[in-house]
Structure formats: C-alpha cells, structure tokens
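Some notes on the structure that comes next.
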Amino acid sequence: MAHQVIDLKCPGCGAPSSTGETTCRYCGRPVIISTFNSVYVMPMPQLNQYAGAYRQALVENPENAELNRSIAMCYLKLRLYDKAGEAFARAVETDFDNSETFFYAAVCLLRGQRPFMAVKPVIDKIEEYINAALMIEPKGIYYYFLTYVKYDYYFCKRLNTSPGYEETMQYALQAGLSGFDVEQLYAILGTPKPACL
C-alpha cells in the first residue's frame, strides 16, 4: 500500500495528475513533496493550496505514505508540529525505507522546543526514529540532529549517554554535513543554534 499510485489534481495548477508523478507535466511544479526543500521557499498561499489538495486526496486514501509525507512537509513548514508528526507517523507505518520520513518524524517530536525541555520518553522516541533513519541512510544531518539532542538534553543536564555529542558530531562531519542543511534544520525546529555546535 505504501507505493500505490493515487490519482489526484496537481496541487499547483489543478491539472489531472497522480502520486506516481514527481512534477506536473503542465505547470512543472512538484506533485508529491518528497523533501523539505520543496516547501522551504514556497509562499504561504501556495503552501495552503498544496495542503488543501493533499487533505482532499487523503480523505479517500488515508494510509498512503506519499500523501501523508507530503502533507506532513506542509504542516512542518507551518510549524504545526503535532499535525506533521501524526502524518509522518502514518507514513512510517506503511513505508519503512524512506529515511527522511523517520528523520522529520523525530524533528516533530520536539514541537518547536529545545531538547532540554522534552521528557525522557520523547527523547527515547526521537533517538529511535533517528537510529532508524541512520540504518537506512547515514546522512550527516541525521547525525547532526542526534548531536543536538545529545548536547542539549544529556550534556546540558549532566546526564550520561554513549556516544556523547562530540563523537556524534564527528560522525556528522564524516558523513558530509552541509551548512545549508544545518541552517534549514534550525529553521524547522524554530530554536536557536547552540554556539558550540
């Protein structure tokens, strides 16, 4: 069910399309949003248009991973962390091989707050999602987010964790961490970047 092709109208122009198409053959805009980069610079009216199209398609296909991931990206851009988290969680249930779904599901769990403010079960769930993402694809930004959690929750509270944040930062750098990814992460999180990271 994860990769079932669903007919829908292009969220950009309303032309007939499907979840099997990456971009609309009429307007050239994305049909399915697979990465946050697609919505990062999207103007608010267009973002609302996309979210509306996905909501409509999800009425008949509530379990579709592509639609859930797409609407979750829209909610994430709007900083509606709870709604985004629910949609990412639905996508995770039916699509186990997309590392970004696990990553963004973890990001949503902070709900726009620093890890320091989270309770331990939330931190445990974040680490579970990040570790799942890393098993699929060891990206620098995944290690970096884990570094941020380990620094802000464990180190700042003087709690033990292994590996520590310095070691996970080394993994992030080795895996190819980009400054743009870091900047985008803190824009999504809605929290300031710690000076030491």
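If you take the beta carbon distance between residue 5 and residue 187 as r and set R0 to 30 Å, what does 1/(1 + (r/R0)^6) give as a FRET efficiency, to the nearest 0.05?
0.40
Which angle between 0 and 90 degrees, to the nearest 10, do you get for helix 165-174 versus the longest principal axis of the chain when only C-alpha atoms count?
50 degrees
Can you tell me the FRET efficiency between residue 135 and residue 60 if r is taken as the Cβ-Cβ distance and R0 is 35 Å, rounded to the nearest 0.05?
After rounding to 0.05, the efficiency reads 0.60.
Report relative contact order for the chain in percent, whole number only (criteria: Cα-Cα under 8 Å, sequence separation at least 6).
With pairs under 8 Å counted, the relative contact order is 15 percent.
Tell me, which cysteines of the chain are without a disulfide-compatible partner by the Cβ under 4.7 Å rule?
74, 108, 156, 196
Based on the alpha-carbon gyration tensor of the range 137-197 and its eigenvalue square roots a ≥ b ≥ c, which shape applies: rounded if a/c is under 1.5, prolate if not and a/b is larger than b/c, or oblate?
Oblate shape, in that a/c is at least 1.5 and b/c is the bigger or equal ratio.
Given the -39500 (n - 2.57) contribution per DSSP H run of 4+ residues, what per-residue ellipticity at 222 nm results for the chain, rounded to the nearest 500 deg cm²/dmol?
-16500 deg cm²/dmol
Here, each number is a calculation from the coordinates, and none is a lab measurement. Just so it is clear, the model here is predicted, and its values are computed rather than measured. Please note: Cβ atoms are built from the backbone with ideal geometry, for glycine as well, and neighbour counts cover all protein chains shown.
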